[in-house]
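The values are calculated or read from the model by the stated rules, or taken from the named source; none is laboratory data. Just so it is clear, the structure is predicted and the values come from calculations on it, not from any experiment. Cβ placement follows ideal geometry from the backbone for every residue including glycine, while neighbour counts extend to all protein chains displayed. Surface accessibility is based on the protein's heavy atoms, side chains included, excluding ligands, DNA and RNA. Shrake-Rupley method; radii C 1.70, N 1.55, O 1.52, S 1.80 Å.
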Amino acid sequence: MRREGDELYTVVGRRTDAHASEGWTAVIMERSSRFIVDQRCGAKDAALFESVMLTVCEYISQTGDLSF
């Protein structure tokens, strides 16, 4: 299974530039089916990135699949 990750920023209230947004959603999806495997929300910082990467590592551990 190929998975891919992407990030989205959330507009709440007034629209801002992406780099100024406080709300981000990181999405992990299975590439061929486009099934959303997991998503994490929060500030675009090291804690959010680490949370996403731990999830990715867990899936790699379970499936042995490194092809993203």
Report, ordered by the first and then the second residue, all pairs with beta carbons closer than 6 Å, sequence separation of six or more or different chains, a first member in the stretch 11-29 that is closer than 13 Å to Leu48 by Cα, and a second member that is among the polar types (S, T, N, Q) and open to solvent by 40 Å² or more (accessible area, probe 1.4 Å). Gly23/Thr10; Thr25/Gln39; Val27/Gln39
Among the residues of the stretch 43-64, write down those that are surrounded by 15 or more Cβ atoms within 10 Å (Cβ to Cβ) and at pLDDT below 85. Lys44, Val56, Tyr59
